[in-house]
Every structure is written in structure tokens, then in C-alpha cells.
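The next block holds one structure in the form of C-alpha cells; read it before the comments.
The values are calculated or read from the model by the stated rules, or taken from the named source; none is laboratory data. On a predicted model such as this, the values are computed, not experimentally measured, just so you know. With ideal geometry, Cβ positions are generated from the backbone for all residues, glycine too; neighbour counts draw on all protein chains shown.
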Amino acid sequence: MSKVAIAIIIASSVATFRRAGHGFTDNGTAFPSDYFTDDQLKAIHAEKRLSVKEVSIDAIPDGVDRSPLDLALQLARDAQSQEEGKKAPAAKAPPAPDKKPATKKPAAKNVTDSQDGNKTGKAAEQVTK
């Protein structure tokens, strides 16, 4: 048997109204049923300028702001996907080949000895050959 998800729709009797740390509009806003703490729900239910209805997610009327509900549903789907990914055995990547970085020998420089004018380095090697 499938579980029916319940949303709480809260609507204000005025254009905008704040209670329990949230803003509400006269069009209504849909929240997941576990969105508010018990204290927040008590404050919302006690407020005469707010109406609260519990409905199936499939029965949310047009015009109601679904953004808090949709965000919560997306986060739940993402968390479920991550959990499923952790349970599945990960494919092992082949081990990386052992490659030693090539060491480059510094090039010999043509250097002239300043005292006697003789060339040293690669130029000296070429002269002696």
C-alpha cells in the first residue's frame, strides 16, 4: 500500500502576514506536514488571521505557493538517491600504472671563463672532440 503524502496549506486573511518566523499570503502556501515545530504549529493554529488545512499533495489547489513543499520533496529525493548510491557496490577503477615522472637533465650552458677566456661546458666538449 502506498503512503499518501500530506501537505499543510496555510493562508492569511490579509495580503501578507507573518507568524512563527514565516510569511504567509492570502493565496496560501503549501508546506510538508513535518515542516513546523510543535510550538510553531500552536502559534499558527492560535492565530485568527491564518487558516490551516491538511490536504493530500495531489489535492493542492492552483494558485497556492508550492515552493516550500517542492523544495522539501526535492531534498528528500536527493537524499534517497544518495543513500541508494551508497548501498550499491562501487565499480573499482583499474589501478593507475606506476609511472615515474621523467627527470629532465639541465642543459649544459656555453660559459666562458672570465679569467682565461676558455670556454667551459658544452662548447668546451665540442672543441675537444
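Quick notes on this one:
- First in the stretch 31-58 and at negative phi, second anywhere and assigned to a strand (DSSP E or B) and surrounded by fewer than 13 Cβ atoms within 10 Å (Cβ to Cβ), Cβ under 9 Å, 6 or more apart: 33/54
- Segments classed as strands (runs of 3 or more DSSP E), wholly inside the stretch 1-118, with at least 1 members that are of a type in the set (Lys, Arg) and either modelled with pLDDT of 65 or more or surrounded by 10 or more Cβ atoms within 10 Å (Cβ to Cβ) (or both): 16-19, 50-56
- In the stretch 12-30, residue nearest to residue 76 (Cα to Cα) [restricted to those that are touching a residue at least 24 places away in the same chain (Cβ under 8 Å) and among the aliphatic types (A, V, I, L, M)]: 30
- Enumeration of residues in the stretch 6-54 that are of a type in the set (Gly, Ala, Ser) and in contact with a Ser or Thr (Cβ under 9 Å, 6 or more places away or on another chain): 7, 11, 12, 13, 15, 20, 23, 28, 30, 51
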